[in-house]
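Structure first, then comments.
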Amino acid sequence: MSSPTTCELSKAVIVSPTVVGLPEHIPQEYSAVWPDTLTLITTYTCNAACTECCFGCNPKIQGRLSLQSMLSHIDEAHAGFPALKLVVFTGGECFLLKQDLFSAIYHAHQLGLLTRCVTNGFWGKTATKCQQTVQHLVSAGINEINISTGLDHEEWVPLDSVVKAATALVEGGVFTLITIEADTADSNCRQRILGYPEIRSLLQQPNLFRVQSNSWMPFTVDHQPRTNIINRSELTEGCRQLFHNAVVTPSQELSACCGLTLEHIPEMKIGISGDGGSLTEHYYRQYEDFLKIWLSVEGPYTIMKRLMVDEADDEMGEKLAAAVHICQACVILHQHPKIRQLLQQRYREFVPEIMSRFYLEQAMQVQQAQLSQ
Ligand code: SF4
Ligand code: SF4
């Protein structure tokens, strides 16, 4: 696990906040719109060990947030972030936390927050287990469950379990989204899931059930190519996670995002809970980090394109052309020595434009929030 670090590339807008709250150069109104989400990466342990798992989770990896830690982070975020609406519980496999998960969902629900869990649906194995789990979730006040599945997942969790879990959830009135990995040329998970009569029936209730396909990003050298449908606009837009999301990892590290490559980008770790600052203090310090602001405005792909405009670099061009996901571009930006060098050399020339766009976007969101009240 990497140690926390402030991005050395990006100290363009330095102030020194000495109190909890927004840095002086940020209008107080901004806290009315950001962050709206607290993500608890509850554990790195997983019943599965998918080959291309972004966090390298498996049954042997230890490390989880205790119930006390989850509750205190929820309390702190609720008290310190006026715009907070949603708490996401993810992992690893968050349902391995059993009653602690339900207690934490209940706690967030009692505070008036929406809640979502991300799971592989392993608990859908039997009808009894399904019903018990859904009962616990409904009693705790859950709002949404996302079930991840697909070729890698299927090696550990059969599609039958996913379908049973989804059916029980929807019957319990819980909004459910099944996310399917992009298939390989030879696999047909999406087609097989959509072929289940239960799924076809659930799809008749779009207010309670949806299915989507996701790009499946490679993390191993000998990965099987996927038939990813690349969303070019998503790839080239600003990152929608930065500043929207405050993230806590199982090691109590605070992260700027829970993007797929966050474990590969030390700069995304913005502190350790209780060490040199609270969750809110660490979160607000990101407003001093020009690179995070730039990433939120333009995204990694566009930043690299702009930096590379005068640089004919075939290797970089190939890497960028192969990127199927915004987080894949982000890890290239943070790791590639040439890009790091260009960032250090040239970031100042982008500061006036990017800061103006950032302030403008924030101001528009504040206005929208005020109008919708
Ligand atoms: S189910 Fe999810 S968290 Fe678990 S190993 Fe697979 S990708 Fe990782
Ligand atoms: S693009 Fe970068 S900052 Fe945004 S979620 Fe992905 S890894 Fe995190």
Inset, instruction - Heavy atoms only, probe 1.4 Å: what % of the accessible area of the chain goes to carbon and sulfur, would you let me know? - result: 52 percent
Legend entry - Net charge of neighbours whose Cβ lies under 9 Å from the Cβ of LYS125, counting Lys and Arg as +1 and Asp and Glu as -1: +1
Legend entry - Helical mean residue ellipticity (222 nm; -39500 (n - 2.57) per DSSP H run of 4+; nearest 500) of the chain: -12000 deg cm²/dmol
Legend entry - Sequence ranges 51-59, 146-154, ranked by mean other-Cβ count within 10 angstrom, highest first: 146-154, 51-59
Legend entry - Long-range HN-HN contacts of PHE209 with modeled amide H, under 5 Å: THR176
Legend entry - Built amide H within the under 5 Å cut-off of ALA246, gap 5+: THR37, LEU38, THR39
Inset, instruction - Please work out how many pairs of lysine residues in the chain are eight or more positions apart (or on different chains) and have Cα atoms closer than 28 angstrom. - result: 29
Inset, instruction - For segment 82-105 and segment 128-179, compute the distance between their C-alpha centroids and round to whole Å. - result: 15 Å
Legend entry - Counted charge near THR45, where neighbours are those whose Cβ lies closer than 11 Å (Asp, Glu -1; Lys, Arg +1): +1
Legend entry - Within-12-Å neighbourhood charge of THR115 [Cβ basis; K, R +1; D, E -1]: +1
Legend entry - the chain shape via C-alpha gyration tensor axes, a/c threshold 1.5: oblate
Inset, instruction - Taking H placed 1.01 Å from N in the peptide plane, check which residues at least 5 places from ILE270 or on another chain put their amide H under 5 Å from its amide H. - result: LEU254, SER255, ALA256
Inset, instruction - When a/c is below 1.5 the answer is rounded, else prolate if a/b is larger than b/c, else oblate, so apply that to segment 131-288 with a ≥ b ≥ c taken from the square roots of the Cα gyration tensor eigenvalues. - result: oblate
Inset, instruction - At 1.4 Å probe size, with no ligands or nucleic acids counted, give the accessible surface of TYR301 in Å², nearest ten. - result: 20 Å²
Inset, instruction - Counting only heavy atoms of the protein chains, get the accessible area per residue of segment 28-289 (1.4 Å probe) and round it to a whole Å² value. - result: 42 Å²
Inset, instruction - Pairs of Cα atoms under 8 Å, at least six residues apart: use those to get the relative contact order of segment 28-289, whole percent. - result: 20 percent
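The values are calculated or read from the model by the stated rules, or taken from the named source; none is laboratory data. What you see is a predicted model; the values in this text were computed from it and never measured. Please note: Cβ atoms are built from the backbone with ideal geometry, for glycine as well, and neighbour counts cover all protein chains shown. We work out accessible area using only protein heavy atoms, side chains counted, and drop any ligands, DNA or RNA first. Shrake-Rupley method; radii C 1.70, N 1.55, O 1.52, S 1.80 Å.
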